[in-house]
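Read through the structure below, which is laid out as C-alpha cells, and then see the notes.
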Amino acid sequence: MQFDCIVVGAGLSGLTAARDLQQFGRSVLVLEASDSAGGRVKSDYQDGFIFDHGFQVINPSYPEVARSKIIKSLDFRTISGSIRIADFDKKIGYNLGSLSSDIGSISEKVNFLAFILNLQVSNSYNFGHYTQRFPKLYANALKPFLSGVFLTDPESIAADVAQDILRSFFKSLPGVPANGVGAFSKELAKPVENIKYSTKVEKISENKVLTDQGNFDARYIILATDPTSASNLYDSLKAPKMLSSTTMYFSTTDELIDSKNLVLSGRSKLVNSIVMNKISESYSPAGQNLVSATSLEPISENDFRLHLKEIWKTESSKWQSLARYEIKNSLPFHAPGQSKNRSLKVNESLFVIGDHMAMPSQQGAMKSGAVAAKLINQLMR
C-alpha cells in the first residue's frame with residue numbers, strides 16, 4: 001500500500017502533521033523508533049512516582065496547543081503564579097508585578113515591558129542587545145528564569161524569539177497534566193490511526209522508507225525526528241547546534257519552604273528546582289515530596305545535593321535519589337538572524353519539521369508540523 005504521507009517520528013511535530021493530514025482526508029503512516037509517542041515530551045512511571053523526561057511545563061497560550069484542544073480533555077494543573085529567587089529570598093510573579101528593588105528598579109521594569117510590547121524587535125540582534133536597558137532585572141530574575149527555558153545564556157538567543165516566549169508567560173500560567181507531561185503526547189497521538197512503534201528507519205530513498213520492520217512507500221515523506229537523526233537519514237540536512245540538560249529527581253518527607261513555587265538562582269549550577277507533587281499530587285505517593293532539579297551541565301549527584309541544600313535552605317544529604325535524565329538534544333540553539341519560519345521542503349517529496357525549523361518550544365514544533373501538513377495537502381489537490 002502506498003500512503004499519501006509517511007511521518008518519521010512521533011514527537012509533537014510529527015503527531016501534529018499526522019493529525020492535520022488525516023483531517024484533510026489524507027492517508028498517513030507514522031513510524032516511531034521508540035515504544036511510545038511524544039519524543040522529548042514523555043513521562044516514566046515507577047513505584048508511585050512520575051518522572052517527566054526533564055523538567056517541562058506546557059503553556060496553554062501557545063496557539064498550536066490551544067488549537068489542539070487537548071488541554072480541555074486533560075486534568076491540567078497550573079504552576080504557582082509565583083517564582084522564588086533564592087539569591088534574595090524574594091518572590092516575583094510571572095507578570096513581574098511583585099518585583100522588589102533588590103531585583104529590579106521601577107524604571108527597569110518599565111523598560112522591560114516596553115521590550116515586551118515593542119513591535120519592531122529585530123531578529124538580527126540577540127536578546128543581550130535589549131537587556132542593557134534592564135541589566136539588574138535581567139541578571140537577578142530574567143537570566144535564571146530564561147536559562148531554564150532556553151538551556152543556554154539567554155542573551156545569546158535571537159531577540160524576537162526571547163520576546164515571543166516571554167509574551168506567552170504573560171498570557172497564561174504554564175502547567176502540567178495531572179499524570180505527567182507524557183499525558184499530553186498520548187492525547188495528541190490518540191486520533192492518529194496508523195502508528196508503528198519500535199520501528200527504526202534505516203534509510204530514505206526518494207518515495208520509499210526502509211526500516212528494520214520492512215519498507216513503506218508514500219507520495220510524501222516528513223522527517224520529524226530530532227535534527228541529528230534527520231541529518232543521518234538524509235545527508236544534505238545539516239544538524240543545528242543542540243543544547244543539553246540534566247534533570248534529577250529526589251524524594252523526601254521534609255517540609256520545604258515555599259514548596260509550591262518554582263525556585264531559581266543565578267548563583268547556582270541548578271537553573272531551577274520545584275516540588276512536582278505540589279503541582280499535581282499524582283506525581284508522588286502520599287507523604288513523599290518529589291523534588292525536580294535541572295542543570296545545564298551533567299554535574300554529579302553530590303553537586304546536585306549541595307546546590308539543592310543552598311536553594312531550599314535545608315539538609316538534602318539524606319534525600320533519596322530516584323531518577324536522572326541526561327538529555328543531550330534537549331533544544332536547538334536559536335541564533336540571531338535565524339528565521340522562525342524556515343523552509344520545510346527539502347525536495348519534491350521530502351519535508352523536515354521540528355522546533356529546530358521554527359523556534360525552540362512546543363509551539364515551534366507543533367507549528368512546523370501544521371505548516372508541513374498544509375503544504376502537502378495543497379500539493380495533492
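Details
- Here the label points at residue 205 and residue 347, each 7 Å from Cα along the C-beta direction, are separated by 1.2 nm in the simple model.
- Percent of C-alpha pairs per 10 Å bin in the stretch 95-171, short distances first: 20, 59, 22, 0.
- Nitroxide proxy distance, nm - points 7 Å out along Cα→Cβ at residue 167 and residue 215: 4.7
- Paramagnetic label reach from residue 257 (point 7 Å along Cα→Cβ; backbone nitrogen cut-off under 14 Å): within the stretch 272-303, no residues.
- Sorting the segments 18-28, 196-206 by their mean number of nearby beta carbons within 10 angstrom, highest to lowest, gives 18-28, 196-206.
- Net length available on complete extension from residue 228 to residue 119 is 35.8 nm, with 0.36 nm assigned per residue and the Cα-Cα distance removed.
- Helix runs (DSSP H) in the chain reaching 15 Å along axis by Cα, Kyte-Doolittle at least -1.0: 12-23, 106-117, 159-171, 301-312, 362-379
- Table column - 3J(HN,Hα) (Hz), the stretch 35-51, Karplus curve with 6.51, -1.76, 1.60, x for Gly and Pro: 9, 7, 8, x, x, 7, 9, 9, 9, 10, 10, 8, 6, x, 9, 10, 10
- Translational D in µm²/s for the chain (Stokes-Einstein at 10 °C, 1.306 mPa s, Kirkwood Rh from C-alpha pairs): 74
- For the stretch 261-381, the spread of Cα positions along each principal axis, largest first, Å: 63, 34, 21
- Computed FRET value (nearest 0.05) for residue 132 with residue 315, which takes r as the C-beta separation and R₀ as 45 Å: 0.65
- Label-to-label distance, nm, for residues given as residue 109 and residue 299 (7 Å Cα→Cβ offset): 3.0
Read-outs: derived from the displayed coordinates by stated rules, not from any lab. Keep in mind it's a predicted model, so treat the numbers as computed, not measured. Because the Cβ atoms are built from the backbone with ideal geometry, glycine has one as well, and the counts that use them run over all protein chains shown.
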